Every structure is written in structure tokens, then in C-alpha cells.
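Asker: Below is a structure I'd like to ask you about.
What follows is calculated from the coordinates using simple rules that are stated; it is not laboratory data. None of these values were measured; they are calculated from a predicted model. All Cβ positions, glycine included, derive from the backbone under ideal geometry; neighbour counts span all protein chains shown.
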Amino acid sequence: MRFILSLISLYLLTFSQLGFCFSPLEAKISEADSLFESQQYIDAYNLYDDLLSNDGAYSSRMLLRMSFIQEGQNNYSKALYYLNLQYRLTADRQTLNKMSKIAEENNLVGYQYSDKEFFVSLFNNLQEIIAIVLITLITICLVIMFIRKKQNLSITTLTFFVTVFCGIGLWAYNGGIQRAQAIVKNNGALLMEEPSAGGRKLGVVVQGERLKIESDNDIWYKVKLPNEAEGYIRKGRVLEVK
């Protein structure tokens, strides 16, 4: 029974994303694209932002356009935020180069990229294919298990593989492979020793810098700086890259 429930979970996780291109959101996306192409950037951005913030809908092209608009307004922290989202979605080398360029031009730290970050982005880009492969492998194992069970043969090895495949799928598709990050919205964000406004101030974090989120504590994030120092920062002062 647990195997069946795990299989259903993986199916739902895979195909819940496939309704995007058939949803009523297409009209709003089309309107925003039309505004962007006619160079009505602010109106286009407002629609894109509404899609992302309220509908949870976005595409690679939409994120690149949002970044372009914000960079044009010299809001490089938001431009980097959208580029980070786009890179996680596509693992695109050009996006990586663009982020590095903006970070270098503004003397920002936290944009040193690792193999792990590339792997996370690649997973995001291929997650539907990976899910289908996992589901196929689990289904094949279950069918063989059923046949062998009928023949009174051992299913221990197959049970092990099904458990491993289900475990990998449920772990990966419930955030296990992700690494949360945050980009500082604006200058003056304080890094505190404790999750409290009355705690000792460790320093001020620069707008646009990227931090690793270690944990969540009410209205605070525990973060790690590029120099490995740790502290707490208010959630309202950063943009979380999921």
C-alpha cells in the first residue's frame, strides 16, 4: 500500500506542473508580453510581477524580461533575483555570465558558483524528465514484483530498489535537493547575532549581495555570508531565491 501511495505522489508531483500552458493565465501572460514588446515596460513588469507573486506562474522568458526591466531602472538587486530564478530553472550559461557581470560591476560578493549549484539548476531544468524516469522504474519494479510474488519467488532486491527510487523521488521533489538563498533588497540591512532587534549588530549587508539561508526563525532568516560568517537578517530585507 505504501508503494502505491508513493507512486501516486510521484505522479502528482510530475504532472501538477503540466497544466501551466493550458491555464487561464495565458491571457494575462499574452497581455504582459504585448506590453513588453511595445516597450511599455512598467505596465508589463506589473503584470509579470502579479503572475509571479500571486499566481506563482513564471517562465524563463518572463524572468529574463523582468530582470531586463529592473536592470534598466538600476535596481540590480531585483535584476539579480530574477536572473537567479531563471538560472535555477534553466542552468543557462549566458544567465550565469550575466549575473557575474552585474555582481562584478557593483562589487558584490556571494556569486561564486559551484558544481552543486549547477547540479541543482540542472535538476530544476530536467525535473519532469527525471520524475518520469523514476516513475517508470518504480512501475517496472512493481510489475516484476507482482509476477515474482505470484510465482512465490523472492522480491527482496526489487523491494529495496522500489524503496530507494521512492525515497529519492520524495526527497528530491519535496525540497531536499534545493539550497535556499537570499538576495539583499537594499542598503542598510542589518546582520544580527540573534533573531532579535535588541541583539548585537554584527554588521551591515550590502544591497544585492547573495546569502545562503541556513534556517527560518519567525520573521528572521539565519544566513551564512560568503566569508562563512553567520547571523540573522529580517525576512523583509531580502528576496528569497527558491
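Asker: Which three extents, in angstrom, do the Cα atoms of the range 133-242 have along their principal axes, listed largest first?
Answerer: Computed over the range 133-242, the largest-to-smallest principal extents equal 69, 24, 23 Å.
Asker: Right, here's the next one. Counting Lys and Arg as +1 and Asp and Glu as -1, each charge on the Cβ, what is the dipole of the range 181-241 about the Cα centre in debye, to the nearest 20?
Answerer: Rounded to the nearest 20 debye, it is 220 debye.
Asker: Let me ask another. Report the extension gain between THR136 and THR157 in nm, rounded to one decimal, defined as 0.36 nm multiplied by the number of residues separating them, less their alpha carbon distance.
Answerer: 5.8 nm
Asker: Just order 25-32, 182-189 by mean Cβ neighbour count inside 10 Å, highest at the front, would you?
Answerer: Answer by packing, highest mean first, reads 182-189, 25-32.
Asker: Roughly how many nanometres apart are two label points built 7 Å out from the Cα toward the Cβ at ARG148 and GLU230?
Answerer: With each label placed 7 Å out from Cα toward Cβ, I get 4.4 nm.
Asker: To the nearest whole percent, what portion of all C-alpha pairs in the range 24-104 is separated by more than 22 angstrom?
Answerer: Across the range 24-104, Cα pairs with separations above 22 Å total 21 percent.
Asker: Can you give me the Rg/Rh ratio for the range 181-241, using Cα atoms for both radii and the Kirkwood formula for Rh?
Answerer: Using Cα coordinates only, the ratio equals 0.90.
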